[in-house]
Amino acid sequence: MAKVAIVTGGTRGIGAAISLALKAAGHTVAATYAGNDAAAKKFSEASGIAVYKWDVSDYDACVEGLAAVEKDLGPIDIVVNNAGITRDAMLHKMTPQMWNEVIATDLSSVFNMTQPLISGMRDRGFGRIINISSINGQKGQMGQTNYSAAKAGLIGFSKALAQEVARKGITVNVVAPGYIDTEMLSAVPPKVMESIIATIPVGRLGAADEIAHCVTFLADEKSAFITGTTLTCNGAQYIAG
């Protein structure tokens with residue numbers, strides 16, 4: 001059955017692929033973005049997907065924005081928390097601002113986007129909450145204590161919330177991508193990229209569409225018995241025990 005879905009950071013990269021895949025699955029999709037108006041406009045015009053601009057690290061902005069989406073499109077039953085930023089540095093050089101910005105956007109945003117919607121999902125007896133973590137939230141990564149902590153936090157959040165809402169027809173799961181071929185990696189020097197690919201057993205980067213497929217699978221009504229889990233998609237680069 002078609003639902004209303006919202007994807008944070010949903011107009012570029014992995015988020016755009018997720019938005020498109022959910023639309024192709026028959027859902028009505030809203031995609032949020034933070035600042036790139038030109039990219040958001042281009043995406044919306046090409047896809048027909050409604051876009052909304054707000055800062056997901058701001059709770060009040062999320063409450064206001066979600067209310068606007070529900071007024072336009074109807075009750076939101078699928079939430080994909082994909083928005084994220086990096087502010088990389090070794091810990092001894094990391095500033096409080098670098099730490100706080102990443103935690104706010106990559107972790108606190110998941111509370112900000114989910115808490116205002118959870119009561120409605122409980123009342124309707126259905127919900128799909130899918131949080132996009134990272135291979136580095138599972139294994140850690142030097143120079144990314146802030147990012148790794150935030151992405152690991154998503155996993156703990158999801159496990160806890162899954163237990164709270166399981167009897168209400170709501171599932172809460174995580175997708176943890178590895179290195180995905182998106183614009184973010186385009187600036188990586190070729191030799192560095194070769195060294196990264198050498199650590200991936202399948203011998204290539206992942207595709208954004210492959211992450212989107214994981215999301216549409218978890219969002220499906222037939223995935224109702226899958227909750228509190230982390231679905232890794234990293235080409236066996238890291239196998240969680």
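For the reader, a short list of remarks on this structure follows.
- If you take the Cα centroid of the stretch 6-34 and the Cα centroid of the stretch 208-241, the two points sit 16 Å apart.
- Cα convex hull, the stretch 4-232: 126 Å³ per residue, rounded to a whole number.
- Model label sites at Ala38 and His213, defined 7 Å from Cα along the beta-carbon direction, differ in position by 3.3 nm.
- Residue-by-residue Karplus 3J(HN,Hα) for the stretch 61-68, coefficients 6.51, -1.76, 1.60, Hz, glycine and proline x: 5, 5, 4, 5, x, 5, 4, 5
- Taking Met113, Met1, Met98, Met90 and counting other C-beta atoms within 10 Å, the order from fewest to most: Met1, Met90, Met98, Met113
- Cα-centred dipole magnitude for the chain, charges only on beta-carbon of K, R (+1) and D, E (-1), debye, nearest 20: 420
- Separation in nanometres of the label points that stand 7 Å from Cα toward Cβ, at Ala187 and Arg167: 5.0
Every number here is computed from the coordinates shown, using simple stated rules; none is lab data. Not measured: the values here are computed from a predicted model. Glycine gets a Cβ as well: all are built from the backbone with ideal geometry, and neighbour counts include every protein chain shown.
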